[in-house]
Every structure is written in structure tokens, then in C-alpha cells.
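S.K.: One structure follows; several queries about it will come next.
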Amino acid sequence: MNTLLYALFEALRRHRWLRMLACAFVFTSLGNGLTQVVIFGLLLSWKAPASLLTVAYLFATLPGFIGSLIGEKLCRFYSPVHLLILTELLGLTALLFPLLGIHYHSVTALLAVQSTEALLTGMSWPALTLLFKRALTADELPAATCLENVIFASQVLLGMGLGIVLFDYLSVLTLLAIDAASFVGSLVMLSLAGSALTVTATDPVKITTPDPLHWKRLSRRQKRSLLLLPALAAVGAPAMALLPALAQQIHPTNAAGLALPLLFARSLGQLCGPMLLNRDSLPRYANRNRPLLTCLSIFLLAYGLLPLFAEVQTAALGMIFVAHLASNIVFAAGTYGVLSHFETRQVSAASGKAWRWQTLSASVFTCFAATLASTLGAVQALYIVSASALIMVAAVMACYRE
């Protein structure tokens, strides 16, 4: 066996701190997914318009730009483990926003928790990337790529799966209480992970020459690595942002009943895609255009066919699963490229820059999608924005091909 999943199991078997870290993010992902269920469930039950549902996705991404800047700077002075603990503490505090939203029937408060989570995710990304780069060997970097993908996907997969089952049976306050308990569990696991790490891995970077990354000084391969995640966001973000609105347009009488299973299928595809990828083929995906553009085309085609299969829910779920099976191969290639093509002293800055560019790309194209969705409808906005983005991505990546 030579898949990324096998590489992850090998690394987990070798490193106790990595097992504790994985458990911490499993707890966090469970809670964040439950929060997403509460937010989108309430917005759909309050009959929120399609443009607002799309903007909700924007609020869940744009603050990550500021968060990555903060995280990148803090990595120079503080241990990455301590920064991860700080983001979990702030995430626990942010649960006050949905409580206020429920009490005052405030959409603003619901969007505020989305923004806070995005800010904290942006803060944690440079710290997490730095921790992997310093504590793992070069041969173990594919395992780190797989774990980052698991963290990314399981946020909705675990919490959304449980939330879909429990949403109609438990009160919203009970779901938020489970969310808070998950943050507490994560804090305990992160503390154990920090205790198991060596001093070298947990120290701050302490860069003696803190030169920022200059585009002209980067190699072609490094430039390409920084562009992969923004390229994925340009094509994928409008489609993902429009998913609840697509469900609302396709089945206006039962939008939540279709949207929540589609969100679950989305995360299941995100989880499975890179895990089935051969670890030896990961550099090929990271360094060549054709496999990446093929994956993005499959993603867009699957989303485009969704309205045709909407009457058969199993087929609709299959379309979304296949779409994100393909898209997260691109995500794995992007994260691996940053980890493998930058030195340790550069990796936190590189990951922060890639995250910011990804956030800007997602925000710009999501704004276009939200604007068109309010006038032309969600399906038409999907076709126009994501297809245009794919053409632009193909042109840009052609300039940086190997």
C-alpha cells in the first residue's frame, strides 16, 4: 500500500504528538460542523434569500486573510502549539455569538460566528504548517498533507453528519453545548501534544533575517505552489457558496432537507479524494497542469449536472461526492507543494501567503456569484462564474507550467 492514508497511519504510529494533535482537531471539527448545522439550519428555516446564503459563505472565508497575517507574525515569537491552543480558546469564546443570534433572532450574530471561525482558522494555518515542517521528516510530508486534508474535510463531515441526525431531535442550545465540550476536549489534546513534542519543534521560529517572500526571488516551482490553492478557490468557492442556494432553488419547499445531505456528501468527497491518492503521484499532481485542470473540470461538470439529477437525491449526492473527490486532490497538491518547496524558515510565511491569496480568490468570485444569484438564479450564477474562473485558472497555470 502506498496511498496517503497509509502514509498517515505510519506517521501516526511513529509520533505520539501527532496522534494527540489529530485527536484535538477531530474534537474541533466535530464542534465546528455542529455550528455550521445550527447556522445554515436557522438561516434556511428563517427563509433567508439566496444572496444572503451565498454571503454567509463569504463571511466564513474573508476574515481568514487577516487571521493568516496575525498567525504568520505570531509564529516568529511564540510556539506553534501555543498558538493553536490560543485559537481553540478564542473559538470556545466565539460560541457566544450563536447564543445571541438565537436569543435576538439576529442574522448578524450568526454571520459573526462564521467570521470568527474564519479568522481563527487563518491564524492556525501558518502555525500548523510550521509544526509539520519542523517536527516531521521530508518523507513524512505526504502524511502531513493527508492530515491537513482530514482536518479540512472532517470539520463538516463529523459535525455535519452528527448534526443532520440530531438537528430535528435536539434543541439548538444542546447542539451548542456539545460544540463547547468538543473545544474543551481539543484543548486537552493540544496540551498533551505539546508535552510530547521536543523543544526544537515547539520553539518559535526566531528568524534572524525576517525578509518577506518576494515574488521575483521565488523559483517557478515555488510560485506555482503558491498559486494552486487560490486556483482551487476561484473555481470551487462559488460552487460551494451556492450549494445551499442551489438546494433552495431546486427544492424550495424542502431546502434544508436537501442542503444538509449535500453538505455532508461534499465533505465526504473532500475526505476520500486525497486519501486514495498514491503518495508517489503527489509530486506529479503538484508540478503538472493537466492532472490539476482535469480534476477542476470534473468538479465543475459534476456541479453543473446537479440540477439535472436533483429529483433523485442519491444521484445528486453522488454528483457532489465526485466533485469534491476531484477538487481535494488539488487541495492536497497545493498543501504538499508549500510544505515541500519552501525551507523551514519560509514555510509559515509561504503558507500564510497562500492562505491569503486563497481567501481573496474565494471572496472575489463568491461576490460575483452572490450578485448573479440574486438576479439570474443560483444555477445560472454557478455556470457563469465557475466556468469563467476555470478558463482564467487554465491561462494562469499555463504561464507557470513545468
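The values are calculated or read from the model by the stated rules, or taken from the named source; none is laboratory data. Note that the coordinates shown come from a computational prediction; the quantities given were computed from them, not determined experimentally. As a convention, Cβ positions derive from the backbone with ideal geometry for all residues, glycine included, and neighbour counts pool all protein chains shown. In case anyone asks, the SASA skips ligands and DNA or RNA and just uses the protein heavy atoms, side chains included. Shrake-Rupley method; radii C 1.70, N 1.55, O 1.52, S 1.80 Å.
S.K.: Could you list, in sequence order, all residues of region 381-395 that are hydrophobic (A, V, I, L, M, F, W, C) and closer than 15 Å to Ser361 by Cβ?
M.R.: Val385, Ala389, Leu390, Ile391, Met392, Val393, Ala394, Ala395 - these are the residues of region 381-395 that are hydrophobic (A, V, I, L, M, F, W, C) and closer than 15 Å to Ser361 by Cβ.
S.K.: Yes or no: Val55 open to solvent by less than 10 Å² (accessible area, probe 1.4 Å), of a type in the set (A, V, I, L, M) and modelled with pLDDT under 85?
M.R.: no
S.K.: Specify which of the listed residues (Phe65, Phe40) is in contact (Cβ under 8 Å) with a residue 40 or more places away in the chain and farther than 15 Å from Val172 by Cα.
M.R.: Details: Phe40 fails: farther than 15 Å from Val172 by Cα.
Sole residue among the options that is in contact (Cβ under 8 Å) with a residue 40 or more places away in the chain and farther than 15 Å from Val172 by Cα: Phe65.
S.K.: Of everything in region 334-348 that's buried (at least 24 other Cβ atoms within 10 Å of the Cβ) and of a type in the set (Gly, Ala, Ser), which residue is nearest to Trp125 (Cα to Cα)?
M.R.: Looking at the filtered set, the residue picked out is Ser348.
S.K.: Just checking, does region 195-218 include any residue being at pLDDT 85 or above and in a loop (DSSP other than H, G, I, E, B)?
M.R.: Yes, region 195-218 contains at least one residue that is at pLDDT 85 or above and in a loop (DSSP other than H, G, I, E, B).
S.K.: Can you tell me which residues in region 361-402 are of a type outside the set (S, T, N, Q), assigned to a helix (DSSP H, G or I), over 25 Å from Thr294 (Cβ atoms) and touching a residue at least 40 places away in the same chain (Cβ under 8 Å)?
M.R.: Residues satisfying the conditions are Cys367, Ala370, Ala373, Ala378.
S.K.: Give me the pairs, please: first residue somewhere in region 118-136 and β-branched (Val, Ile, Thr), second residue anywhere and in a helix (DSSP H, G or I) and open to solvent by less than 20 Å² (accessible area, probe 1.4 Å), beta-carbon distance under 7 Å, and either six or more positions apart or on two chains.
M.R.: Thr121/Gly64; Thr121/Gly67; Thr129/Val338; Thr129/Leu339; Thr129/Val347; Thr129/Ser348; Thr129/Ser351
S.K.: From the set of residues in region 27-51 that are part of a helix (DSSP H, G or I) and surrounded by fewer than 19 Cβ atoms within 10 Å (Cβ to Cβ), which is modelled with the highest pLDDT?
M.R.: Step by step, filter region 27-51, then rank; the result is Leu42.
S.K.: Hey, any hits in region 238-246 for a residue that's open to solvent by 30 Å² or more (accessible area, probe 1.4 Å) and at pLDDT 75 or above?
M.R.: Yes, some residue in region 238-246 is open to solvent by 30 Å² or more (accessible area, probe 1.4 Å) and at pLDDT 75 or above.
S.K.: Taking the stated definitions as given, is Leu96 surrounded by 15 or more Cβ atoms within 10 Å (Cβ to Cβ), hydrophobic (A, V, I, L, M, F, W, C) and modelled with pLDDT of 85 or more?
M.R.: No; evaluated as a whole, the condition is false for this residue.
S.K.: With respect to Arg345, is the statement that it is part of a helix (DSSP H, G or I) and out of contact with any His (no Cβ under 9 Å at 6 or more places or on another chain) true? Talk me through it step by step, then tell me what you get.
M.R.: Numbers: part of a helix (DSSP H, G or I): yes; out of contact with any His (no Cβ under 9 Å at 6 or more places or on another chain): yes.
It is true that Arg345 is part of a helix (DSSP H, G or I) and out of contact with any His (no Cβ under 9 Å at 6 or more places or on another chain).
S.K.: Determine the pairs where a residue that is among the charged types (D, E, K, R), located within region 1-13, has a partner that is open to solvent by less than 90 Å² (accessible area, probe 1.4 Å) and modelled with pLDDT of 80 or more with Cβ atoms under 7 Å apart, the partner being 6 or more residues away or on another chain.
M.R.: Hits for this filter: Glu10/Ala143.
S.K.: Something else now. Hey, could you check region 265-290 for residues that are without any contact (Cβ under 8 Å) to a residue 12 or more places away in the chain and under 25 Å from Ala138 (Cβ atoms) and say which is most open to solvent (accessible area, probe 1.4 Å)?
M.R.: Filtering region 265-290 for residues that are without any contact (Cβ under 8 Å) to a residue 12 or more places away in the chain and under 25 Å from Ala138 (Cβ atoms), the one most open to solvent (accessible area, probe 1.4 Å) comes out as Arg284.
S.K.: Mind checking whether some residue in region 304-324 is among the acidic types (Asp, Glu), surrounded by fewer than 16 Cβ atoms within 10 Å (Cβ to Cβ), under 30 Å from Ala143 (Cα atoms) and more than 18 Å from the chain's Cα centre (by Cα)?
M.R.: Quick first cut of region 304-324, residues among the acidic types (Asp, Glu) only: 311.
From the residues that got through so far, the ones that are surrounded by fewer than 16 Cβ atoms within 10 Å (Cβ to Cβ) too are 311.
Adding the requirement that they be under 30 Å from Ala143 (Cα atoms) leaves none.
There is no residue in region 304-324 that is among the acidic types (Asp, Glu), surrounded by fewer than 16 Cβ atoms within 10 Å (Cβ to Cβ), under 30 Å from Ala143 (Cα atoms) and more than 18 Å from the chain's Cα centre (by Cα).
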